[in-house]
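Below: the structure, in structure tokens.
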Amino acid sequence: MIYRITRPSGRLEGEISLPASKSISNRVLIINALSYSPYTIDNLSDSDDTRVMESVLSASSNEFDIGYAGTAMRFLTAFLSKIMGQWTITGSERMKQRPIGILVDALRKLGAVIDYVEEEGYPPLRITGTALKGGVLELDGSVSSQYISALLMIAPSVQNGLTLRLKNRITSRPYIELTLKLMKKFGVRSAWKGNEIRIEEQAYNPVPFSVEADWSGASYWYQMAAMAEDFDILLKGLRLQSLQGDAILAKWFDQYFGVQSKQEGNDVRITRKKTHELKRLDLNFVENPDVAQTFAVLCVAKRIPFHFTGLHTLKIKETDRVAALQNECAKLGAKLPEPQHGEFAWSGALNEHIDASQAIIETYHDHRMALAFAPAALVYGTMKIADPMVVTKSYPAFYEDLKKVGFTVQELPD
């Protein structure tokens, strides 16, 4: 399937009900289960990842296929390791290529019984749930914050609690902070000093909880605001004072692109103000890797040279996002070098012989490729997106929301 996205003819304005935060939803589902809560979580994300997590936690089976849901694979591996019974967890072919050895090794040190069904270090996994005994674990903090979050969430229920000593520079620190903030809302105390996080053995307290709107989903509307001539959109359910690290986007887009944010009750209104043209953008995404694609496509579309760092985890996401961005930005005429591991640098040079409006953007089973490239129709007139429904992983209503503000979304024959 291919969608052709065509830009609106006039001003972009309207109200958008953003999806609930997938990051919060997936964490709260695990925490809610560990607290044996009688409460139903309000405003859960309707993304594929969260649906997968819900289905596993409520299943009567002991064999689970989580598809492309990387967060579910990491969080459930830790969760199931302490739930009595024998469990098998697998996923898509891509999931079987995403390493999980660091997390498995850490859990085994706590007494977990986990076996690799196929290739060493990768899913599928066979897990025999057992009582875990805590202590001190050393973990590489530069690989994936989801490994750390997975361990932190089970830490209160581990005998003697858990101390994590994180080596190297910590990637996606705001996501670890998010995990600890959510645990605190359920009554769990923690201490984070330097590179050491300590959580004593203690009980979660069940509490009612409602999930806020997703800042990663909001990023595509900020991207559109930076591309549009005239823009006034109300993003429903979004909070500038948010638990989510990606809320830094409001500051970045104001500072670099003249996009203003204003809290109006429970919603945020974003508008475009007149501003000087940005000559170059230098950003470090070590704490916000999920929005790197948004900024890369935005800068290419607006022909803004850039140097991005902190991208080293992008190679182990839903796809190798570094290679995917290089391949698809080339269809817009931009060659994106990778001067060092975890970096992009672009001079602003374009191949003028390439007609970007004729490109068909491949998505590589990665929702953020579709979400980041579709808004570029505002610059190129049209964008064609292959396998467009990958957006259901995090933002199922994305194309309907585009239509609400005047975009045309047309299915083309394969």
What percentages make up the Cα-Cα pair-distance distribution of region 9-136 when the bins are 10 Å wide from 0? 12, 40, 30, 10, 5, 2, 0
Using θ = phi - 60° and the Karplus curve 6.51 cos²θ - 1.76 cosθ + 1.60, what whole-Hz ³J(HN,Hα) does each residue of region 125-131 get, with Gly and Pro shown as x? 10, 10, 10, 9, x, 7, 5
Along each of its three principal axes, how wide is the spread of alpha-carbon positions in region 36-103, in whole angstrom units, largest first? 36, 28, 22
Evaluated at q = 0.08, 0.09, 0.14 Å⁻¹: base-10 log I(q)/I(0), Debye formula over Cα of the chain: -0.43, -0.55, -1.28
Given the rule -39500 (n - 2.57) for each run of at least 4 DSSP H residues, summed and divided by the residues of the chain, what is its mean residue ellipticity at 222 nm, to the nearest 500 deg cm²/dmol? -9000 deg cm²/dmol
Starting from the 7 Å offset along Cα-to-Cβ, what nm value, one decimal, do you get for the label separation of Gln97 and Arg169? 2.7 nm
For the chain, with the dipole built from +1 on Lys and Arg beta-carbon atoms and -1 on Asp and Glu ones, taken about the Cα centre, which of Ile31, Pro99, Ala59 lies farthest toward the positive end? Ile31
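If a/c stays under 1.5 just call it rounded; otherwise compare a/b with b/c (prolate if a/b is bigger, oblate if not). Do that for region 257-414, with a ≥ b ≥ c from the square roots of the Cα gyration tensor eigenvalues. Before the final figure, lay out the partial values.
On the way: a/c = 1.28, a/b = 1.08, b/c = 1.18.
It is rounded, given that a/c, with a ≥ b ≥ c, falls under 1.5.
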With all protein chains in place and a 1.4 Å probe, Arg280 shows an accessible area in Å² (nearest 10) of 120 Å²
Whole-percent pair-distance distribution, where bins are 5 Å wide, for the alpha carbons of region 247-297: 4, 16, 27, 23, 19, 9, 2, 0
Candidates Ser81, Ser60, Ser216, ranked by Gaussian network fluctuation over the chain, Cα under 10 Å, top entry: Ser60
Would you please classify the overall shape of region 182-326 from the alpha carbon gyration tensor, given that a ≥ b ≥ c denote the square roots of the eigenvalues, rounded means a/c under 1.5, and beyond that prolate means a/b larger than b/c while oblate covers the rest? oblate
Principal-axis tilt of helix 173-185 within the chain, Cα atoms, nearest 10 degrees: 50 degrees
For the chain, give the share of DSSP beta bridges that are antiparallel, in percent and rounded to the nearest 5; count only bridges with both residues there. 65 percent
May I ask you to derive the FRET efficiency for Gln241 and Trp192 from their Cβ-Cβ distance with R0 = 25 Å, giving the value to the nearest 0.05? 0.75
At 1.4 Å probe size, with the rest of the protein present, what percent of the exposed accessible area of the chain is carbon and sulfur atoms? 46 percent
Near the amide H of Asp267, under 5 Å away, which other amide H atoms are found, from residues 5 or more places off or on another chain, if H is placed in the peptide plane? Gly237
Glu400 to Arg126: extension gain in nm, 0.36 nm per residue of separation minus the Cα-Cα distance? 94.7 nm
Note the angle between two axes, namely the Cα long axis of helix 22-34 and the longest principal axis of the Cα atoms of the chain, as a number of degrees from 0 to 90, rounded to the nearest 10. 10 degrees
Percent relative contact order for region 331-414, counting Cα pairs under 8 Å at least six residues apart, stands at 22 percent
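Between Arg269 and Asp355, what's the calculated FRET efficiency when r is the beta-carbon distance and R0 is 41 Å? Round to 0.05.
Using R0 = 41 Å, I get an efficiency of 0.70.
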For Ser9 and Ser61, what is the calculated FRET efficiency with R₀ set at 41 Å and r taken between the beta-carbons, to the nearest 0.05? 0.20
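Indicate the gyration tensor shape class of region 305-391 (rounded, prolate or oblate), computed on the Cα atoms with a ≥ b ≥ c the square roots of the eigenvalues: a/c under 1.5 is rounded; otherwise a/b larger than b/c is prolate and the rest oblate.
Oblate shape, in that a/c is at least 1.5 and b/c is the bigger or equal ratio.
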Spelling out what I want: for every residue of region 261-269, take phi, set θ = phi - 60°, compute 6.51 cos²θ - 1.76 cosθ + 1.60 (Karplus), and round to whole Hz; glycine and proline get x. 10, 9, 6, 10, x, 8, 10, 10, 9
Just want to confirm a number: the relative contact order over the chain, from Cα pairs under 8 angstrom separated by 6+ residues, in percent. 21 percent
What is the extension gain from Val113 to Glu411, computed as 0.36 nm multiplied by their sequence separation minus the C-alpha to C-alpha distance, in nm to one decimal? 102.5 nm
Net charge near Asn168: determine it from the other residues with C-beta under 13 Å of the C-beta of Asn168, scoring Lys and Arg +1 and Asp and Glu -1. +2
Kindly report the accessible area of region 157-278 per residue (heavy atoms of protein chains, probe 1.4 Å, no ligands, DNA or RNA), in Å². 45 Å²
Given a 1.4 Å probe, how much area per residue of region 23-69 is accessible, in Å²? 46 Å²
Simple spin-label model, 7 Å along Cα-to-Cβ: Gln202 to Lys133 in nm? 2.4 nm
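Net charge around Ala349, counting only other residues with Cβ within less than 11 Å of its Cβ (Lys, Arg = +1; Asp, Glu = -1)?
Working: positive: Arg303, Lys335; negative: Glu352.
After counting each charged neighbour, the total is +1.
The values are calculated or read from the model by the stated rules, or taken from the named source; none is laboratory data. Note that the coordinates shown come from a computational prediction; the quantities given were computed from them, not determined experimentally. When we count neighbours, we look across all protein chains shown, and the Cβ atoms used for this are built from the backbone with ideal geometry, even at glycine. Note: areas computed on protein heavy atoms with side chains; ligands, DNA, RNA excluded. Shrake-Rupley method; radii C 1.70, N 1.55, O 1.52, S 1.80 Å.
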